[in-house]
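Remarks on the structure that follows.
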């Protein structure tokens, strides 16, 4: 077990990727705090008892919530080895169609949420990074922080911000033994992705959802989407002691999608 | 007054020819070179030498010819070959031909002009490619050779400043004879072109003059503080996700 004896907190823990990470961390021997808006989340009918991790109520846009969540960890354990900032939202619009509220909400969750949770976790992570051990903070960037998907302007911008924040935090907190990395997923089969496909009806050229999904899969060198477990595999490695020298990097996990140039049909 | 001389490799057609025309009009003396004899339509004001950059002796001959004309303050390494194969299909002869022109040729030319250029100052522009960072399928050695070009560009900038500036350009799809041949081979050339256009935010394919414009700027005093950089000229193509256009 790679994370035996470690304490982790995962935000967005009831989302598609967050839930896979929490379950995996528990299997790897970690004590896991599953932080999200509600105990059961909105994407499944599972009861609280069936869901992994110790639930902590956390609206990442609320500083009071961040402080309360970390106070709980401090009281229970006294330190935090691993923080996963997985909470995120996606607005599927161009900037002209995006309202100021939507823009602010995107930044509040994706950027300010990463900031607030990290800010209040750092003292606990510093406490974990003693005697040569490192603590691991993992943000969620995106493939969209590098190259743009159409009609996702605010999302692309927030993920670019997370990438820059990741590097800045790695510089600032590396000397304290805290490693900071970002995972940059491509197309991962989650409720967020399904929402992207069923979305606002703006695209698809009349194609069925199935045809659309197959067309997107076919563009990938691996000819498939990733799964939340694919993400959890890399997150687990980055959280583990094997990754003790890995910091400040943006880890793209996209089935090779961004390695290729536009696939023109010649 | 002695005219500054610009060497342009692979000057016979496409981007090389557009750079030749532009630097002539910007007042440079131009020495074009290529493996073939001087093209019939090559501008009368420009000089030509037939030599291969892949051979050190060829590169030295080009540099000597240029230095006899005047101070060589500009080198544009444009010569390159493209072989459409995967690693598994590539032969040793393919390697020698492609790496000879695209990698060793750039190295040979830089090495040949740097001693003089370091004394009186100058600007080297290497033509790399967007393929250096994102892979075109079945173009393995070409893609890798262009990554070499961008890497060598940074090293020359670091090692040979302050007198020499060295930058690279990463063109996307530029409509040259090579690209037009590709579209002609499509099952439905018109549809292929429509598809290609949809992947370009600026709504058109690149022209050789688009690259020549960037070369002209990079070798001008406007770019006096620019060195070791790579500039993408691709109509926005690589800024977008490589999904089928119009999918969403």
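A short reminder: the numbers here are calculations on the coordinates, not readings from a lab. Here the structure is a predicted model, which is why all the values come from computation and not from measurement. All Cβ positions, even for glycine, are placed from backbone atoms using ideal geometry, and neighbour counts span all protein chains on display.
A Förster radius of 25 Å combined with the Cβ-Cβ distance from residue A:147 to residue A:57 puts the calculated FRET efficiency at roughly 0.10.
At each listed q (0.20, 0.24, 0.27 Å⁻¹), what is the log10 of I(q)/I(0) that the Debye formula gives for the range B:28-97 modelled as equal alpha-carbon point scatterers? Each listed q corresponds, in turn, to -0.88, -1.12, -1.31. Measuring r between the beta carbons of residue B:25 and residue B:89 and using R0 = 30 Å, the FRET efficiency lands at 0.10.
Over chain A, what per residue volume does the convex hull of the Cα atoms give, in whole Å³? Could the numbers behind the result be given before it?
Numbers: hull volume 35.0 nm³, N = 266.
Convex hull of Cα atoms, per residue: 132 Å³.
The modelled label-to-label distance for the pair residue B:178/residue B:158, using points 7 Å beyond Cα in the direction of Cβ, is 2.8 nm.
Size estimate for chain B follows the Kirkwood approach: the inverse of mean 1/r over distinct Cα pairs works out to 18.4 Å.
Projected label points at residue B:40 and residue B:207, each 7 Å from Cα along the beta carbon direction, are separated by 2.5 nanometres.
Mean residue ellipticity at 222 nm, helices only, the protein assembly as shown: -12500 deg cm²/dmol; runs of at least 4 DSSP H residues each add -39,500 (n - 2.57), and the sum is divided by the number of residues. Taking label points 7 Å from Cα along the Cα-to-Cβ direction, residue A:214 and residue A:43 give a separation of 2.6 nm. Report the paramagnetic label zone for residue A:119: residues of the range A:56-74 whose backbone N is under 19 Å from a point 7 Å from Cα along the Cα-to-Cβ axis. Once the point is set 7 Å along Cα→Cβ of residue A:119, A:58-74 turn out to lie under 19 Å by backbone N, inside the range A:56-74. The radius of gyration of the Cα set in the protein assembly as shown, together with its Dmax, comes out at 27.2, 87 angstrom.
Placing one equal scatterer on every Cα of the range B:103-248 and applying the Debye formula, the log10 ratio I(q)/I(0) at q = 0.13 Å⁻¹ is -0.65. Springs join every pair of Cα atoms under 10 Å in this Gaussian network model of chain B, and among B:237, B:207, B:178 the largest mean-square fluctuation is at B:178.
Report the calculated FRET efficiency for residue A:71 and residue B:239 (r = Cβ-Cβ distance, R0 = 45 Å), to the nearest 0.05.
Values: r = 44 Å, r/R0 = 0.97.
Result of the calculation: an efficiency of 0.55.
When each of the peptides A:47-60, B:98-111, A:125-138, A:88-101 is scored by how many other beta carbons lie within 10 Å of its residues on average, the order from highest to lowest is B:98-111, A:125-138, A:47-60, A:88-101.
Hey, could you grab the Kirkwood Rh for the range B:1-146? Inverse mean 1/r over distinct alpha carbon pairs, Å, one decimal.
Numbers: mean 1/r = 0.0643 Å⁻¹.
With all distinct Cα pairs of the range B:1-146 included, I get 15.5 Å.
In percent, what relative contact order does the range B:115-240 have, based on Cα pairs under 8 Å that are 6 or more apart in sequence?
On the way: 188 pairs, mean separation 41.6, N = 126.
That works out to 33 percent.
Shielding of peptide B:124-133 by partners, expressed as the average count of other chain Cβ atoms within 10 Å per residue Cβ, is 1.
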